[in-house]
Amino acid sequence: MDLRSRQWWDNPANPDMTALYLERYLNFGLTRAELQSGRPVIGIAQTGSDLVPCNRHHVELADRVRDGIRDAGGIPLEFPVHPLQETGKRPTAALDRNLAYLGLVEVLYGYPLDGVVLTTGCDKTTGACLMAAATVNLPAIVLSGGPMLNGYIGGERAGSGLVIWQSRRLLAAGKIDYAEFMDRVACSAPSVGHCNTMGTALSMNSIAEALGMSLPGCAAIPAPHRERGQIAYDTGRRAVDLVRDDVTPRSIMTREAFENAIAVTAAIAGSTNCPIHLNAIARHAGVALTNDDWEAVGGGVPVLVNCAPAGTYLGEDFHRAGGIPAVLHTLLAVGRLHPDALCVNGRTIAENAAPSSDPSVVAASVDDAFSPRGGFLVLHGNLFRSAMMKMSVATSAFLPAPTVTWRAVVFEGPEDYHRRIDDPSLDIDEGCLLVVRNTGPIGYPGSAEVVNMQPPAALIMRGVQALATLGDGRQSGTSDAPSILNASPEAAIGGNLAILRTGDRVTLDMPTRRLDAELTDEEIEERWSAYVPPPRVDQTPWQELFRAHTGQMDTGSCLDFAVEYQDIVHTKGLPRDSH
């Protein structure tokens, strides 16, 4: 076995550099005999820290990963990944996904590593880690951190994230006060782990499993359960075998694997953030994947998992019902998956499937689906080339007919929305479409989770819980809002959302998959001739670099230059010596 780490630590043809690389790794207790033994060196990409509470327990789980690596004959080396915490990073953690990706690529390529365990949790960590794994193409395996335990309020399940959107409506209606708002949110997050709803975190870690990049059942095991530590150990052991067998991410993440991931995302009623990340992973893996594939592959897949925000239960229940293997089992029975797609455990997707143990949480048959359509409606029109709507949360109140026309009420960002939403002069009613712009990758920057705007307090007090919303930003996967979002191109780079005005009529025609403003080409051109773009202010060097090189959400919001670097361990050779 020709290990790349030996080029650092055991290269008799270059003794001076071998000595330089070797000696400093001895000073914390490793021995020369270990490092020159021919044992695979396995990195542990540590995404947990005090700044990333969703992933913080990975700091402890890493000990079990180390044990597994050691017992399988490898040498573990843990290193940090740039922090990505959706609920901590301003202006948005999406800004830093590509930064974490870049840093991880440099570590995996530039250090003496033969393989890597990717610790994931909060959704951007899964995207960044798999993007980097695809780019570098060292043997890799995902260890997700798992959801929190179920939250409860008054004996009823309370899903993290979702309870925020529910509570802000209660606050607007005067039914709770500020302190009660904070208490309700705290009740929904009772333990370590990421969101216990089917938000973007659980959706993305389910995607990692559906792609074949983590061990069966890994995605849904709750963070505090003993099985989480056990699968951490098994993941460490398997990482060593992947190196010995030369199983790389690109041998797992094939076109068939990506199509399986799309079908699973639809079946779990996954987050609208998933297409952004999965499209990005595919681009870095050299696999062609577009938003239209999400419609073609996932559009007709029913909802098979009864998890909030589209359902009733939470992550702990999903695990007990069988997790992703149970979803695979039901999808395979109706030919919705590529059964021979390989997984990191050396088995196929079909071999990793297992029946549901609780049909009230995971449907055992598509005949018992919880909703007829779990995928995304991919829209086109004269305001954008591509946007999405999550069909599993689109109610009849939101879509009373296949074709709906609204009156637009336009906001220049979340600050403008919060300042004016209760202004009676806007005359907002049930026939309005709330629009927010300048919230995409370039405009915000990073693309903010702000499209799920709630109605004015006056409407909420009348019992109107949601209005149609549209934006060039994103929304939390924990939200139950039936938004039209991820609009590309965004207003900041010339998307026609920039010239939409309050009072314009906007029509959604579901049969043709179109959303159009009632504007002629001449009117659109006239508005652009008078358009004055808002000032763009970069607050950090990274914001300036990000804006200069990041693409739109429909293509994964990738760094334009980075997608040119494919399979660099095999196409670029070893990096040059440092001295």
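Each reported figure results from applying straightforward, stated rules to the coordinates on display, with no laboratory input. Because the structure is predicted, anything quoted here is derived from the model rather than measured. Glycine gets a Cβ as well: all are built from the backbone with ideal geometry, and neighbour counts include every protein chain shown.
Dimensions of segment 234-366 based on its C-alpha atoms, expressed as ranges along the principal axes with the largest first, amount to 42, 34, 24 Å. So, R0 is 30 Å and r is the distance between the beta-carbons of GLU415 and LEU51; what FRET efficiency does that work out to, to 0.05? E(calc), rounded to 0.05, equals 0.75.
From the alpha carbon gyration tensor of segment 92-213, can you work out the equivalent ellipsoid semi-axes (sqrt of 5 times each eigenvalue) and give them in Å, largest to smallest? Can you show the working numbers first?
Numbers: eigenvalues 259, 43, 21 Å².
After scaling each eigenvalue by five and taking roots: 36, 15, 10 Å.
Using the Stokes-Einstein relation with a Kirkwood hydrodynamic radius computed over Cα pairs, the translational diffusion coefficient of segment 480-528 at 4 °C and a viscosity of 1.567 mPa s comes to 106 µm²/s.
Projecting the Cα atoms of CYS129, PRO80, LEU515 onto the dipole axis of the chain, where Lys and Arg carry +1 and Asp and Glu carry -1 at the beta carbon, places PRO80 farthest toward the positive end. Label reach from ASP509 (point 7 Å along Cα→C-beta): in segment 385-416, amide nitrogens under 12 Å belong to 403-404. The label point for ARG536 and the one for ASP246, both projected 7 Å from the Cα toward the Cβ, are 4.5 nm apart.
Applied to segment 150-165, the Karplus parametrisation 6.51 cos²θ - 1.76 cosθ + 1.60 on θ = phi - 60° returns per-residue 3J(HN,Hα) values of 4, x, 9, 10, x, x, 9, 4, 10, x, 4, x, 4, 5, 5, 5 Hz, with x for Gly and Pro. Under 5 Å from the amide H of VAL116 lie the amide H atoms of GLY43, ALA140, ILE141, each residue being 5 or more positions distant or on a separate chain, with H modelled from the backbone and absent for Pro and chain starts. Shape call for segment 48-144 from the C-alpha gyration tensor, a ≥ b ≥ c root eigenvalues: rounded (a/c under 1.5), prolate (a/b greater than b/c) or oblate? Oblate, since a/c reaches 1.5 and b/c is not below a/b. Panel values: the chain, Kirkwood radius from alpha carbon pairs, Stokes-Einstein at 25 °C and 0.890 mPa s, translational diffusion coefficient 101 µm²/s. Bridges between two residues of segment 407-543, per DSSP, are antiparallel at a rate of about 30%.
Applying 1/(1 + (r/R0)^6) with R0 = 60 Å to the Cβ-Cβ distance of ALA13 and ALA296, what FRET efficiency is obtained, to the nearest 0.05? Before the final figure, lay out the partial values.
Values: r = 53 Å, r/R0 = 0.88.
About 0.70, to the nearest 0.05.
A Förster radius of 45 Å combined with the Cβ-Cβ distance from ARG501 to ARG168 puts the calculated FRET efficiency at roughly 0.95.
Here the extension length gained between GLU525 and TYR111 equals 143.7 nm, from 0.36 nm per residue of separation less the Cα-Cα distance.
Between ALA548 and GLU60, the simple spin-label model (points 7 angstrom out along Cα→Cβ) gives 4.4 nm.
Taking the Cα centre of the chain as reference, the dipole from Cβ charges on Lys and Arg (+1) and Asp and Glu (-1) amounts to some 780 debye.
Remark on CYS307: its backbone amide H falls under 5 Å from those of THR312, TYR313, a criterion applied only to residues 5 or more positions apart or on other chains, H modelled at 1.01 Å from N. Coupling constants for segment 480-485 follow from the phi torsions by the Karplus curve (6.51 cos²θ - 1.76 cosθ + 1.60, θ = phi - 60°), and in residue order they are 9, 7, x, 8, 9, 8 Hz; glycine and proline get x. Taking a ≥ b ≥ c as the square roots of the eigenvalues of the Cα gyration tensor, an a/c ratio of 1.5 or more together with a/b no larger than b/c marks segment 165-282 as oblate. Across segment 239-244, rounded Karplus estimates of 3J(HN,Hα) from the backbone phi angles (6.51 cos²θ - 1.76 cosθ + 1.60, θ = phi - 60°) give 4, 5, 5, 4, 5, 5 Hz, Gly and Pro being marked x.
Each of THR330, ALA280, SER49 was scored by the projection of its Cα onto the charge dipole of the chain, and the greatest displacement toward the positive side belongs to SER49; charges sit on the C-beta of Lys, Arg, Asp and Glu.
Enclosing the Cα atoms of segment 503-559 in their convex hull gives a volume equal to 153 cubic angstrom per residue. Taking every DSSP helix (H) stretch of at least 4 residues in the chain, weighting each as -39,500 (n - 2.57) and dividing the sum by the residue count yields a mean residue ellipticity at 222 nm of -10000 deg cm²/dmol.
On the principal axes of its alpha-carbon atoms, segment 415-457 has extents of 31, 19, 13 Å, going from largest to smallest.
Between GLU78 and ILE44, the built amide H atoms are under 5 Å apart, and every one of these is 5 or more places off in sequence or on another chain.
With viscosity set to 0.692 mPa s at 37 °C, what whole-number translational diffusion coefficient in µm²/s follows for segment 426-547 from Stokes-Einstein and a Kirkwood radius over Cα pairs? It diffuses with D of about 208 µm²/s by this estimate. Here the label points at ALA288 and GLU180, each 7 Å from Cα along the C-beta direction, are separated by 5.6 nm in the simple model.
Each residue of segment 532-579 gets 120 Å³ once the volume of the Cα convex hull is shared out per residue.
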